[in-house]
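One structure is given below, encoded as structure tokens.
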């Protein structure tokens, strides 16, 4: 027990004596959260719109000005003919073109319907879909205003946006960034720490010491646990104070769940270090192998429910996915533990499994 | 000149020997990226499908049943439960069993028939504001359809009148099916190539420093330019090789079209790789330990990836962030790849980002050569 | 010394306020084995780095193989071999590949390199291990190989920084046989060492204390001068002038 205490103390000194590294480990998550929290948005504004008006009547002018005043569409570009659409897309100067057929208003009056072409640059399918939808709803609004007095509205939907009424993407992304950054930093730190000892040869010394494998592993995790915990606190503080993300549930619960999550991430790092021989390999796996899967499969940006079924199943092994569900539920929905015990259990199981596997791998080296 | 080429080739040969001898790294360099490309390219989709929805029908009339049916029959929504208590509805949303609760009030049918209008409440889980917007879009479409079909039933006032309609014919150029993978594969490929290049070159020189072989190199008459060139070339070749395999997968697995020319893609990639590798070597020469080099490479990689416009569009970023992305080489290469592959852009259309990459390459390489000093001052 | 291949005058190197090497002056002749002694931190490595062109002097001057360390470090490099304290060949390459790489770096052509490689492997009795990775060879062999590799390009001077650290006495003895052979061929050997018995093998030695050169001369002359029976005693006397009770 005494030697274990000494070992943990040594690990602490190791990390905190190297001021520069310690500064990086504390500073990096904060800096990244600040940067990404402000920069990453998926609200679409300033869609560059082109109008090809072959009719020039009061209806087309009204619709054009309605589109431009909606706040979504910014620049307006007049196209004399549909032929100009191609080059405008290719140069990236336009995202959407609206084409009014000749005799637009007259036909609307006479036949009760007319055609409107909405052409988007589909190379970004996401933007394309959204702006087509925006355009359609502006047109509906126009019709509603023009003709509503003459017609019964029928069923009127009253939408209630729960948890995030302003539909701010910050509320979505800040918890996601927390998960991503904590995951990467924690896994990175521990995965390197053990492989480094392997490379400089001090691992052999540890292995022949009286410490048991479990103690070595725990001793390695303990200081990083503290480091990661400080990271959790700073990241949460930034989320609340800088980005104004609410915490509608219990803060202690949120902190406890975050602790659990960093423990999972640290164990993953330890596990990576037991299966790799060099710092390089550990690094490549803990960043190269985690960065994209964590961004893509955690639900950070892309909703998991929309993915093909095999990927939805696969996403279950991404720890950040579970943490993200928990964080969003606590912060935005005010969920209590009764809603979250399953997700919590998954993280606990992952941690235990990773720890057990690492200790096992480690003991094998001893024999 | 001939002597320089020989020396560069000698270094190149040695680097290749070392790379291929490192059994632990081989799968990480040559297999992991492609597994990721294959798996992850399908994950990136903003489609909202199969939204779980919860029904609270307080009217229980034939019209309310028809409205509910319209929702389930639309293909967008999947009914997960029904209830009649208001707190229960919130619970469904919190517990993730539903993202939409449709509340049809009492007297829904009667109001419709008498006054021609009746409200329904749509409680949407807006955690993800984007999906919430899409869900709302679906619901308005369904309700509009419902109104059109049942207009005759509503009120005497509305009956017989023609409600004018503007039929929207929408089409998306370059990607008419709106396939996400066409958009994502070129971008993810760029990230993977960048990651491998940046890390391999970033760890390289600093590793020789840690092992001590760098001193041995420094007492030889090898020139900085020769040394840096010999270090860059192997990773440059590997990078282009990985890109080729990735393009092959894009073409034959994901059926991403190639509207532009492969030649142009390779031209840009050759320059782009110089930026990435030059940057890696720069990191490697200014750091003392692999650990430091890794942290720095890590830091930039995360920033480059998230601010590349790969996942969220550059256009939705605030202005300062948008300006910042001009310094992000990944952003430019992702942009060029997408434009060339999907839109068939030629050299003229991509000249601006390409020039930025060239400038970057020159800057990085000269910095790397300059910072690698054989003699300490 | 008329045919001095290394000549320094008041060579000094400072790191901030700390003076690592303090105005040392000496000359070393062709074919000489020069032992460079001193306690850890006495400035040995710093002096050696300046002579090999890795570090710029703060003041004073030095010429190596007829070239000035300040203005012509790259010319010096063509004429010196170096083997450092830390074993400095590539562990993940084979002896053959290491020879080929280092020879190639010095610009040796393919044919010369092939001949040299074969001769060298035979001389070191390494033919069988020619294609195995260095990491699996014993340290003694690796050091002999490193020494030979440092002479591939036929330098005028070879710098050895604690070349025999960590090997057994028998291997050390054999290593010194190689050093003698090198010196017999007219190559100057500049060697730093911890082992005082090795100092006795040198033609001349110098002892550095706190960045200054406390003694220089043949081992016998120095023993006489300071009235001690061995270099070991001399070293202890110079490094620790007042003995501790």
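From the list A:103, A:86, A:92, which residue is under 14 Å from residue B:173 (Cα atoms) and surrounded by fewer than 17 Cβ atoms within 10 Å (Cβ to Cβ)? When all the criteria are applied, what remains is A:86. Any chance the stretch C:167-183 includes a residue that's part of a loop (DSSP other than H, G, I, E, B), crowded, with 17+ Cβ neighbours inside 10 Å and modelled with pLDDT of 90 or more? No, the stretch C:167-183 contains no residue that is part of a loop (DSSP other than H, G, I, E, B), crowded, with 17+ Cβ neighbours inside 10 Å and modelled with pLDDT of 90 or more.
The rows are residues; the columns are (1) closer than 16 Å to residue A:40 by Cβ; (2) surrounded by fewer than 23 Cβ atoms within 10 Å (Cβ to Cβ).
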residue	(1), (2)
A:168	yes, yes
A:187	no, no
A:195	no, no
A:198	no, yes
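Does residue A:271 satisfy the condition of being more than 16 Å from the chain's Cα centre (by Cα), part of a helix (DSSP H, G or I) and farther than 30 Å from residue A:216 by Cα? So residue A:271 does not fit the description; no.
Listed here are the residues, each with its yes/no results for (1) free of Cβ contacts under 8 Å to residues at least 24 places away in the same chain; (2) at negative phi; (3) out of contact with any strand residue (DSSP E or B) (no Cβ under 6 Å at 6 or more places or on another chain); (4) not assigned by TED's automatic domain parsing to the domain that holds residue B:149.
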site	(1), (2), (3), (4)
B:13	yes, yes, yes, yes
B:16	no, yes, yes, yes
B:22	yes, yes, yes, yes
B:26	yes, yes, yes, yes
B:43	yes, yes, yes, yes
B:59	no, yes, no, no
B:67	no, yes, yes, no
B:72	yes, yes, no, no
B:89	no, yes, no, no
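Within the stretch C:219-245, the set of residues being in contact (Cβ under 8 Å) with a residue 12 or more places away in the chain and closer than 21 Å to residue C:43 by Cα comprises C:219, C:222, C:231, C:232, C:234, C:235, C:238, C:239. The residue list B:299, B:333, B:295 contains one member that is assigned to a helix (DSSP H, G or I), farther than 28 Å from residue B:128 by Cα and at pLDDT below 90, which is B:295.
Cβ contacts < 7 Å: first residue within 24 Å of residue B:113 (Cα to Cα) and within 8 Å of chain B (Cβ to nearest Cβ), restricted to the stretch A:135-154; second residue modelled with pLDDT under 75 and in a helix (DSSP H, G or I), any location; separation 6+ or different chain. Result? Within 7 Å, the pairs are A:152/B:154; A:154/B:151; A:154/B:154. For the stretch C:88-109, the condition holds for no residue, the condition being that it is over 26 Å from residue C:123 (Cβ atoms), buried (at least 17 other Cβ atoms within 10 Å of the Cβ) and within 14 Å of chain B (Cβ to nearest Cβ).
Among the residues of the stretch B:218-253, the one identified as surrounded by fewer than 20 Cβ atoms within 10 Å (Cβ to Cβ), under 18 Å from residue B:10 (Cα atoms) and without any contact (Cβ under 8 Å) to a residue 12 or more places away in the chain is B:237. From the list B:75, B:24, B:81, the one residue that fits, being within 14 Å of chain C (Cβ to nearest Cβ) and modelled with pLDDT under 90, is B:24. Exactly one residue out of B:99, B:57 is within 24 Å of residue A:306 (Cβ to Cβ) and at pLDDT 85 or above: that is B:99. Given the criteria in contact with a helix residue (DSSP H, G or I) (Cβ under 6 Å, 6 or more places away or on another chain), surrounded by fewer than 20 Cβ atoms within 10 Å (Cβ to Cβ) and more than 8 Å from every other protein chain (Cβ to nearest Cβ), does residue B:88 qualify? No: the conditions fail for residue B:88. The residues of the stretch C:4-50 that are touching a helix residue (DSSP H, G or I) at 6+ places or on another chain (Cβ under 7 Å) and part of a strand (DSSP E or B), listed by number, are C:6, C:11, C:13, C:20, C:21, C:24, C:33, C:35, C:36, C:37, C:38.
Among the residues of the stretch B:97-128, those identified as touching a residue at least 12 places away in the same chain (Cβ under 8 Å) and over 24 Å from residue A:154 (Cβ atoms) are B:97, B:98, B:99, B:125.
Looking at this structure, is residue A:203 under 30 Å from residue A:283 (Cα atoms), surrounded by 19 or more Cβ atoms within 10 Å (Cβ to Cβ) and more than 9 Å from chain B (Cβ to nearest Cβ)? The answer is no for residue A:203. Taking into account only those residues within the stretch B:205-216 that are assigned to a helix (DSSP H, G or I) and within 7 Å of chain C (Cβ to nearest Cβ), which is farthest from residue C:135 (Cα to Cα)? Per the criteria, the residue is B:215. Residues of the stretch B:260-291 that are under 24 Å from the mean Cα position of the chain (by Cα) and outside any helix (DSSP H, G or I): B:260, B:261.
Could you look through the stretch C:184-194, keep only residues that are outside any helix (DSSP H, G or I) and more than 19 Å from residue C:149 (Cβ to Cβ), and pick out the one that is nearest to the chain's Cα centre (by Cα)? So the residue we want is C:193. Of the residues making up the stretch C:58-80, those that are outside any helix (DSSP H, G or I), touching a strand residue (DSSP E or B) at 6+ places or on another chain (Cβ under 6 Å) and more than 8 Å from chain B (Cβ to nearest Cβ) are C:58, C:59, C:60, C:61, C:62, C:63, C:64, C:65, C:69. Each residue in the stretch A:185-205 was checked for being touching a helix residue (DSSP H, G or I) at 6+ places or on another chain (Cβ under 7 Å) and in contact (Cβ under 8 Å) with a residue 40 or more places away in the chain, and 13 of them qualify. I'm checking my understanding of the structure. Among residues of the stretch A:1-22 that are part of a helix (DSSP H, G or I) and facing chain B (nearest Cβ under 10 Å), which one is surrounded by the most Cβ atoms within 10 Å (Cβ to Cβ)? Checked the stretch A:1-22; the qualifying residue surrounded by the most Cβ atoms within 10 Å (Cβ to Cβ) is A:21. Residue A:346 fulfils the conditions (1) within 30 Å of residue A:196 (Cβ to Cβ); (2) in contact with a helix residue (DSSP H, G or I) (Cβ under 7 Å, 6 or more places away or on another chain) except for a single criterion, (1).
The values are calculated or read from the model by the stated rules, or taken from the named source; none is laboratory data. The model shown is predicted, which means the values in this text are computed figures rather than measured ones. Neighbour counts are summed over all protein chains in view; Cβ atoms, including those assigned to glycine, are modelled from backbone coordinates with ideal geometry.
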